[in-house]
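Taken together, the values in this text are just the output of simple stated rules run on the coordinates, not laboratory data. Since the structure is predicted, the reported quantities are computational estimates derived from the model, not experimental observations. All Cβ positions, even for glycine, are placed from backbone atoms using ideal geometry, and neighbour counts span all protein chains on display.
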Amino acid sequence: MAPSSTAAQMTAPAAPASAASSAGASAVASSFAALLDKLDYLDEDQIEQVRQAFRFADKAHLGQLRSSGDPYITHPIAVAALCASWKLDAQALMAALLHDAMEDCGITKADLALHFGEPVAELVDGLTKLDKLQFDTREENQAESFRKMLLAMARDVRVILIKLADRTHNMRTLSDMPRSKWGRISSETLEVYAPIAHRLGLNQTYRELQDLSFRHLHPWRYDTLAKAVARSRNRSRDSVQKMQGEVDAAFVRAGMPARVSAREKTLYAIYQKMTEQHLSFAQVIDLYGFRVVVRSVLDCYTALGVLHQAFKPVPGRFKDHIAIAKLNGYQSLHTTLVGPAGLNVEFQIRTEEMHIVAEAGVAAHWLYKARQVEGGVAEHMDSQWLQSLLDIQNETHDAAEFWDHVKVDLFPDAVYVFTPRSQILALPRGATVVDFAYAIHSDVGDRTVAARINNEQVSLRTELKNGDVVEVVTAQGARPNPAWLGFVRTARARSKIRHYLKTLAQTESASLGEKLLTQALRAEGIEQLPDAQTHAALWERLLRATGSRTQAELLTDIGLGRRIAGIIAKRLVGLLAEGGLRPDAVLLSRERYAAHENVSQGGITLDGSESAPVQYASCCRPVPDDPIVGYLGRGEGLVVHHARCGVAQRLQRKDAERFIAVDWADEPARLFETGITVTVNNAKGVLARVASELASSEADIVRMDMDDAMATTELRFVVAVRDLAHVEAVLRNLRRTPSVVRAWRVLPQAS
């Protein structure tokens, strides 16, 4: 596919064209000329490569129009121009020009690699949505597309810079789209792309995306607020100009060169503050601020002193983001001063280098290279977060779950805490001790059992505050608790816990599956499971017949109830028979005579320590010494029911082959939940007496609710008990309690 130039076509003799197409060609030519004017930081060879990419994209999009009626190619040119303002390299600009070619024009990745090289093809591929694949829901498609984009971004941050430029131009021209699409696109921008821009420190892009989204989500509110700000600007112009004059004069007197510029809160920031703090516009007092740019870090602190001498500072409104940078690399001193007419004005004090990073974030990397500024900006580029995306992907293969993890970390509002060795860690606001442990190392997080903050013992769910010194206590045999997922804040901690629990569940399911298959084989007259190494060929044939990839996968499927142990056992016996191994007649007859009469698979002993593969049914809540049956639900593992449970009896009539014999171990390893209902006469303090009686009977209250009547109240408890005898003792004690009319255990009705 040979590239061609629209510009060349326009200068060559051609058939008469309509006024519209002539205007479109003129728009393309002027747009591309404006882009070329921004490329003075590239050499001639690189500019020629960009021209070639433009010609290729122009031909690919020929005949396509935007909603505004402009030729489609004007959009990729505008995206490339935004990237050029960040001084991105030639490869990124080429990818920006070509970013819709694969998605909309049928161009393949191989075509791009052939014409422009593998790096450009990889960038464009990372920007291409997954519209060509089939997904069950739009949300699934969106989650998978975001995952693809973010992983490409983690490998090469230029992907997200081009994507943010693409989204910014789309938002600038959103008014040309049908109004029915404004809400969805603006919400997605506000919830996804603006936070990513913020997380990567692209504050200018972040603010613009927020304002554009606000404008299209709430047009009336946007216009009303814009008019209010314009009126306030006119009223405050004299005060702001007076303050700027006084600030300039203060720096002249101090003999310090400084660039002072006024700035105004964005409309969305004002709207957010009004809605979150329930304020009227008149109550928002910090609409205006100043930015002071000086030569060095030392000058930043000197400038702070100059300002505090000139104006009275507002107590508690000073923040040092230079000594402790924000998570996205942002550095500045913040102070709020009382200006003329009692106006509160925020000042941000920074160096030129800090200003570039503050406005352009990760894009500052290329701006720095263009300016040939020495300095370690790479440490501000949030490479840790980008790397964490790859870590999360390694442990989370579900797109929606991956996206859930990433959203947790998109807002870099941080707390700064210290290890006992005075190492500083930045964590999201609301982070807990467990988040801190996983931030140190996943092994530390997995083995955490206790913690101390500022030398005081605290619970693991304690939220951290700025300046806390945190010490984590670990134990060799400890492992993550599923309850931690209810309070951890960071995506890293959440993904590590889930990964551990999934791995553990698979291991335990495989162990249960092996036990069930062994018992099913014994019922067929085979003493034990064939050894995987000695009978490798046999296992290979069995796996081929069942469609499983590995022995572990087959055993896990049995443990989770996806496959029936008895059916697999019969198939295995057939394969063994072909190899000359016959069932043991004595074992066969003994097992069959001893088999449980109501179930079709071998039995299993339970003590409550089985974890993930075994669940105790909430419909009947069996406890040790209750008669029980086990049901291998499809994908649920083993579900244990009370033998008289109506749910279990209905399942047994419909799906008898999925039931196995289960029995209680002599020494249960934990407490079990059961339901107790207590009817009491309405009297003062009766609930406290019942709760006290349960506590003295050593029955832990897990949950409680109640129904009031005229004279009596029905209290429904879920309590944790040791066994059936403990339940009966608890009920006896309750029945002797004053004001208790009746107490009984909740058991399901037989069907």
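Couple of notes before you dig in:
- Percentage of interatomic Cα-Cα distances in region 220-378 larger than 19 Å: 59 percent
- With neighbours defined as other Cβ atoms within 10 Å of a residue's Cβ, the residues 296, 186 order from fewest to most as 296, 186.
- Dipole of region 611-737 computed with +1 at Lys/Arg Cβ and -1 at Asp/Glu Cβ about the Cα centre; of 638, 678, 729, farthest Cα towards the positive end is 678.
- At the listed q of 0.26 Å⁻¹, the Debye profile of region 672-746, built from one uniform point per Cα, gives log10 I(q)/I(0) equal to -1.29.
- Reciprocal of mean inverse Cα separation for region 625-680 (Kirkwood radius, Å): 12.9 Å
- Seen from a random direction on average, the alpha-carbon convex hull of region 176-272 projects onto 8.3 square nanometres.
- For 465, 265, the sequence from fewest to most other C-beta atoms within 10 Å is 465, 265.
- Cross-link pairs 87/227; 319/465; 38/242 - those with Cα-Cα distance over 25 Å: 87/227; 38/242
- Of all DSSP bridge pairs formed entirely within region 220-378, close to 75 percent run antiparallel.
- Remark on region 468-539: ratio of C-alpha radius of gyration to 2.2 N^0.38 Å is 1.76.
- Inter-probe distance in nm under a simple model that places probes 7 Å from Cα toward Cβ, at residue 625 and residue 667: 1.8 nm
- Considering only alpha-carbon pairs that sit under 8 angstrom and 6 or more positions apart, the relative contact order computed for region 672-746 is 47 percent.
- A simple rule links phi to the HN-Hα coupling: the Karplus curve 6.51 cos²θ - 1.76 cosθ + 1.60 with θ = phi - 60°, which for region 169-180 gives 5, 4, 5, 5, 10, 5, 4, 7, 7, x, 4, 5 Hz, with x for Gly and Pro.
- Approximate spin-label separation residue 605-residue 44, in nm, with each point projected 7 Å along Cα-to-Cβ: 8.8 nm
- Of 326/496; 181/326; 265/496, pairs whose Cα-Cα distance is over 32 Å: 181/326; 265/496
- For region 678-745 versus region 538-558, the inter-centroid distance based on Cα atoms is 50 Å.
- Between region 261-330 and region 50-119, the alpha-carbon centres lie 40 Å apart.
- Full-stretch length increase - residue 308, residue 230 - with 0.36 nm per residue and alpha-carbon distance subtracted: 25.1 nm
- Put in order of Cβ neighbour count within 10 Å, fewest first, the listed residues 619, 300 become 619, 300.
- Stokes-Einstein D in µm²/s, Kirkwood radius over Cα pairs - region 431-568 at 10 °C with 1.306 mPa s viscosity: 90 µm²/s
- Using θ = phi - 60° and Karplus 6.51 cos²θ - 1.76 cosθ + 1.60, couplings along region 479-490 (whole Hz; Gly, Pro as x): 8, x, 9, x, 5, 4, 4, x, 9, 5, 10, 8
- The residues packed around residue 464, meaning those with a beta-carbon under 10 Å from its beta-carbon, carry a net charge of 0 if Lys and Arg are +1 and Asp and Glu are -1.
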